[in-house]
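Worksheet: the structure to be examined is printed underneath.
Any read-out appearing in this document is the output of simple, stated calculations on the displayed coordinates, not a laboratory observation. All values reported here derive from a predicted model rather than from experimental measurement. Please note: Cβ atoms are built from the backbone with ideal geometry, for glycine as well, and neighbour counts cover all protein chains shown.
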Amino acid sequence: KAGVTQTPRYLIKTRGQQVTLSCSPISGHRSVSWYQQTPGQGLQFLFEYFSETQRNKGNFPGRFSGRQFSNSRSEMNVSTLELGDSALYLCASSPTPGYGYTFGSGTRLTVV
Amino acid sequence: KNEVEQSPQNLTAQEGEFITINCSYSVGISALHWLQQHPGGGIVSLFMLSSGKKKHGRLIATINIQEKHSSLHITASHPRDSAVYICAVTPNQTGANNLFFGTGTRLTVIP
């Protein structure tokens, strides 16, 4: 079966712009979570969605937001990009929250 | 202080060696995960544990809930095992299903 699909794989944006990243979970998985990975901070939890509802949010500013659609696909949005937002953004899907994560390959965002 | 600590940070081994990576955590958890990340970024979930021991091929993961400690063992290591291994925990808090991550162990297996 198809894995978790993240698009785009690579993205270059300018400071101040906004960006939207997409994550399509494994078919049947209803939970999608998002993570940021940087060399300095490692992997950090951004937020988790289940059945179109945000269940948890990590310690990130309000510029980071997300949503989940009825087909479980999820998007995350970062507004007013800063250089420090350059990172690998990973999403993971699971059948139910907290169980059996499958990760996507990530979107590498570079802010210049 | 990070809720999840891993050791060692870097590990170089000769092909065929037995490898152990350790993970200690400071919070109550409902599950512990071992993840593998290859260059390029993709992450593979290796194990999810809440007690005892799991084995998959040459990989073995153990957890001691009382000591808040887990180990990942690789038997007969191979160069294709070279990757970053990350320990993560799901904290045991009501409604919390986020993961806390360790900083990872970079393993290099030399032929």
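Counted over all Cα-Cα pairs of segment B:25-86, pairs farther apart than 16 Å make up 47 percent. Counting only DSSP beta bridges whose two residues both lie in the protein assembly as shown, roughly 90 percent are antiparallel. DSSP beta bridges fully contained in chain B are about 90 percent antiparallel.
Taking every C-alpha pair closer than 8 Å and separated by at least 6 residues, the mean separation divided by the residue count of segment B:24-111 gives a relative contact order of 30 percent. Here the Kirkwood formula, the inverse mean of 1/r across different C-alpha pairs, assigns chain B a hydrodynamic radius of 14.0 Å. Note on chain A: percent of Cα-Cα distances in each 5 Å bin, starting at 0 and stopping at the bin with the largest distance, equals 2, 14, 25, 26, 19, 10, 4, 1.
Considering only Cα atoms, the convex hull volume of the protein assembly as shown works out to 125 Å³ per residue. Note on chain A: dipole from Cβ charges, positive end direction compared against A:56, A:106, A:87; the farthest Cα belongs to A:106.
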